[in-house]
Amino acid sequence: MPPPTAAASAREILTGLHEIMAGRGTAQPKLDKVVDLVAEKMRSEVCSIYLLRDNKLELFATHGLRKEAVHVTRLKLGEGLVGTIAAEGRILNLAEAAGHHEFVYRPETGEERFHSFAGVPIIYRETPIGVLSVQHSEPRRYADVEIEALQTVAMVLSELIAGARLVDGARRGRLRSAGPLRLMGLKLVAGMAKGQAVFHEPRVIVEHTVAEDIEAERDRVYGAFRKMREQIDNLAREAEFGAAGEHEEIIETYRMFAYDEGWSRRINEAIDSGLTAEAAIERVQQRTRARMREIDDPLLAERMHDLEDLSNRLLRIVSGRMGTAAQTGLTHDTVLIARNLGPAELLEYDRRRLKAVVLEEGSLTSHMVIVARAMGVPVIGRLPGVRHIVEEGDSVLVDGDNGSVMIRPSKALLTGFEQRMALSKKKRAQFDAVRALPAKTTDGVQISVMMNAGLAEDAASLDLTGADGIGLFRTEFQFLVSATMPGRESQLRLYKRVLDAAGDKPVVFRTLDIGGDKALPYLTNDAEEAENPSMGWRALRLSLDRSTLMKAQARALIQAAAERKLRVMFPMVSEPWEYDQARTLFEAQVQWAEHGNRPVPSRIEFGAMLEVPSLAEQLDLLLPRVDFLSIGTNDLTQFLFAADRGDPRLAERYDWLSPSILRFLKRVLDAARAAKKPVRICGEMSGRPLECMALIGLGAENFSITPAAVGPIKAMVRSLDAAAIRARMEQWLAKPPNDLRKALSDWARRHKVAV
Ligand code: PEP
Ligand code: MG
């Protein structure tokens, strides 16, 4: 028996199906007609529909099996061929059904005469709700086009079934076959939170499956492919310039799929069979998913996620539902799920509703994580595939303190979590009490604890945090959150607001640190960029080349700090001449202000950030020229270890408490002390109590940390004997133990230091 010609016969089925569905009457007679139609058009002896009711797959309609079996034959999920298809969302295509290890025989159906069997899941909103199968007495495998026709029918049927509320849960809008699940990821930002899962890039639910005008559907899909390819090409271009948030490897895979002729052809064939563009994309994706399930290869599974992404992107384009969840707005407490996020994307979310972020990638010192930390939003990263495990709307518990994510928790789990959350709140309240107290060690060493900030809101909360000032104001954040380049006036307004909010407390403004993972869409690089953008044209390098940008910022800062003290520092100074040049440019703007009779700051202090190891070799030349030094351990450690701070694979590879880093820092601290120049450490490292304790052990006394860490750091400082840890560190640095982190942590415990 020859298989029917591909699209033509599928279209015939679909037309018939459309007529049946549009007709009057209840669901049961319609299902009876559907099985007759499919059997006839596919020239199959049997066609049956099983639907999930009371958690069992019940035979609802059949052509060819005994009618007495209808509503009598019931299989558990996972039982027999039908149960396996529904439980695993798989397709089975067997020449000899009885030969399959899952086969179970049900005498009431009279199916012993039939040898071949093919079945596809009926899926509603990504969950299998039934099975559509065909059987034949002749042992043969069904052709691909026949399987696709079955999938098409299953897809259209799902609308009828859900509409008629024939299955479990369809009333609620969706079914849940999955239970609670606990995943362990990488703690990126501590804290506990609960909320409902929201996808940063929302999934599209296909509502209409049968096309009215095939030509029009084909045009829509053609247009969507063109747009998607354009987007991917742009992403790839941005990646070359170091502006893309996404990994290059992923973009390359995207590109490969986006231009895959086979994929677009299959979608077009599905449209030819009578499906809408959305349904066609979804059906092809279902087929690919089912195929992939049969191949147990983690590498392929990874690629499958990329294709899912792209398929979802195509769906979003074709249905006109672009934009991220931030644009749609959050309506409830939200746990945001994403592959990765940029700092600007994160800042678009409503702070009141965004409770936590769960990422497939992510690393400890990426700027998105720094922003989240400043916003007080817990983040868990490194959970590959999480977007395919969680469903939109699932309840999610995030424990950023131990790195766990609980999906669809049971009542008992939720209660336990809420209790721990209350406890953690209590602990935070204890820190709140410490925040207002001075940061003095038990032997009387005064430690300066400032905070990092980047937005006006952060500055407004300075008093609440208990910090001594703002030790690092990341001016590029204002640029990151706006769609166009902020002009001098708006910069001026922000800086003034920050200084006003800080009052007598000092604020150290860092000039723009753009580039690396802080790319601006409106500022593109026109030259070839290095492989690793954080080692490329960024920060001071970019500012010196685009001096107009720096001049505007300098003027805004000078005006904002009129008649007050202004503290400015330059990021990523690699050689002293860069600092000199930046300072000269800045001082020229003071003259510009004076010429225009504008008030100028009472005094300007200039500092350099030590983030590039090369600068450490010229400290003797640099230190006499600066008013202060600031160490950015985030960049410094990535350069010391040659380990990209944004690469999730390296996120846990090197330890901040490695002797290499600590010895290096000690050298810098000693040199600054000898030159009598203040030095402050402002990377994420110093916001961690154990790390900060080690830094005090090196002689550091000034820190700028994330606001939420002020309490814990002060608590640590107030329980520490500075002289004791200094003496201990000296010995350890001379002769490092195998595991310095463990040694420090044991020491802290023995000496009752609150780390
Ligand atoms: C650093 O590199 O440590 C630093 C404080 O700057 P940023 O994290 O903004 O690069
Ligand atoms: Mg830096």
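The values are calculated or read from the model by the stated rules, or taken from the named source; none is laboratory data. Bear in mind the structure is a predicted one, so any value in this text is a computation, not a measurement. No Cβ is skipped: glycine too gets one built from the backbone with ideal geometry, and neighbour counts run over all protein chains shown.
For E392, the test of being modelled with pLDDT of 80 or more, surrounded by fewer than 23 Cβ atoms within 10 Å (Cβ to Cβ), within 14 Å of the chain's Cα centre (by Cα) and not aromatic (F, W, Y) is failed. Residues that are among the charged types (D, E, K, R) and outside any strand (DSSP E or B) within segment 46-67 comprise D54, R66, K67, listed in sequence order.
For segment 688-710, filtering for residues that are over 29 Å from the mean Cα position of the chain (by Cα) and assigned to a loop (DSSP other than H, G, I, E, B) leaves 4. If the condition is being crowded, with 16+ Cβ neighbours inside 10 Å and within 14 Å of E111 (Cα to Cα), then segment 67-81 contributes A69, V70, T73, G80, L81. Tell me, which residue of segment 670-687 that is over 15 Å from I447 (Cα atoms), within 38 Å of the chain's Cα centre (by Cα) and of a type outside the set (A, V, I, L, M) is farthest from ligand 2 (Cβ to nearest atom)? Ranking the candidates gives E684 first.
Can you say whether L665 is within 16 Å of ligand 1 (Cβ to nearest atom) and over 29 Å from K427 (Cβ atoms), as far as the supplied structure shows? Here the answer is yes, as L665 does meet what is asked. Might you let me know whether segment 473-488 holds any residue that is modelled with pLDDT of 80 or more, away from ligand 1 (no atom under 16 Å from the Cβ) and β-branched (V, I, T)? No, there is no match, as no residue in segment 473-488 is modelled with pLDDT of 80 or more, away from ligand 1 (no atom under 16 Å from the Cβ) and β-branched (V, I, T). Does at least one position in segment 738-747 carry a residue that is over 28 Å from V508 (Cβ atoms), crowded, with 21+ Cβ neighbours inside 10 Å and touching a helix residue (DSSP H, G or I) at 6+ places or on another chain (Cβ under 9 Å)? Among the residues of segment 738-747, at least one is over 28 Å from V508 (Cβ atoms), crowded, with 21+ Cβ neighbours inside 10 Å and touching a helix residue (DSSP H, G or I) at 6+ places or on another chain (Cβ under 9 Å), which makes the answer yes.
Residues in segment 304-314 that are in contact (Cβ under 8 Å) with a residue 24 or more places away in the chain and farther than 12 Å from K227 by Cβ: H305, D306, L307, E308, D309, L310, S311, N312. If the condition is being of a type outside the set (S, T, Y) and closer than 16 Å to L150 by Cα, then segment 7-19 contributes A7, A8, A10, R11, E12, I13, L14, G16, L17, H18. Consider segment 553-585 and keep the residues that are assigned to a helix (DSSP H, G or I) and under 17 Å from R474 (Cβ atoms). The one that is nearest to ligand 2 (Cβ to nearest atom) is A582. If you go through segment 624-666 and keep only what is more than 15 Å from ligand 2 (Cβ to nearest atom), surrounded by fewer than 24 Cβ atoms within 10 Å (Cβ to Cβ) and not in a helix (DSSP H, G or I), you end up with D627, F628, A642, D647, A651, E652, R653, Y654, D655, L657, S658. Being more than 30 Å from R493 (Cβ to Cβ) and of a type outside the set (S, T, Y): is that true of L566 here? So L566 does not fit the description; no. Summed over segment 184-218, the residues that are in contact with a Leu (Cβ under 7 Å, 6 or more places away or on another chain) and at pLDDT below 90 give a count of 4.
For segment 128-149, a residue qualifies if it is outside any strand (DSSP E or B) and either within 17 Å of M21 (Cβ to Cβ) or in contact with a Cys (Cβ under 9 Å, 6 or more places away or on another chain) (or both), and exactly one does: A149. Any chance segment 83-97 includes a residue that's more than 19 Å from I147 (Cα to Cα) and surrounded by fewer than 20 Cβ atoms within 10 Å (Cβ to Cβ)? No - not one qualifying residue is present in segment 83-97.
Within segment 673-687, the set of residues being part of a helix (DSSP H, G or I) and either modelled with pLDDT under 95 or under 25 Å from A651 (Cβ atoms) (or both) comprises E684, M685, S686, G687. Residues being within 15 Å of ligand 2 (Cβ to nearest atom) and not in a helix (DSSP H, G or I) are entirely absent from segment 613-623. Looking only at segment 600-612, which residues are closer than 21 Å to A554 by Cα and part of a loop (DSSP other than H, G, I, E, B)? Result: V600, P601, S602. The conditions of being crowded, with 17+ Cβ neighbours inside 10 Å and in contact with a Leu (Cβ under 6 Å, 6 or more places away or on another chain) are not met by A39.
Residue-by-condition table, conditions (1) among the polar types (S, T, N, Q); (2) modelled with pLDDT under 90; (3) within 18 Å of the chain's Cα centre (by Cα):
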site	(1), (2), (3)
E261	no, no, no
A277	no, no, no
T288	yes, yes, no
R293	no, yes, no
D306	no, yes, yes
A326	no, yes, yes
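Any residue that is within 16 Å of ligand 2 (Cβ to nearest atom), surrounded by fewer than 20 Cβ atoms within 10 Å (Cβ to Cβ) and within 36 Å of the chain's Cα centre (by Cα) - is there at least one of those in segment 586-607? No - not one qualifying residue is present in segment 586-607. Once segment 587-628 is narrowed to residues that are basic (K, R) and closer than 25 Å to R474 by Cβ, the residue that is farthest from ligand 1 (Cβ to nearest atom) is R603. Screening K355 against (1) of a type outside the set (F, W, Y); (2) part of a strand (DSSP E or B); (3) over 15 Å from the mean Cα position of the chain (by Cα) leaves a single unmet condition, (3). Contact map, segment 631-644: residues that are near ligand 1 (Cβ under 6 Å from one of its atoms) paired with residues that are among the acidic types (D, E) and not in a helix (DSSP H, G or I), Cβ distance under 8 Å, separation 6+ or inter-chain. Pairs shown: G632/E611; N634/E611; D635/E611.
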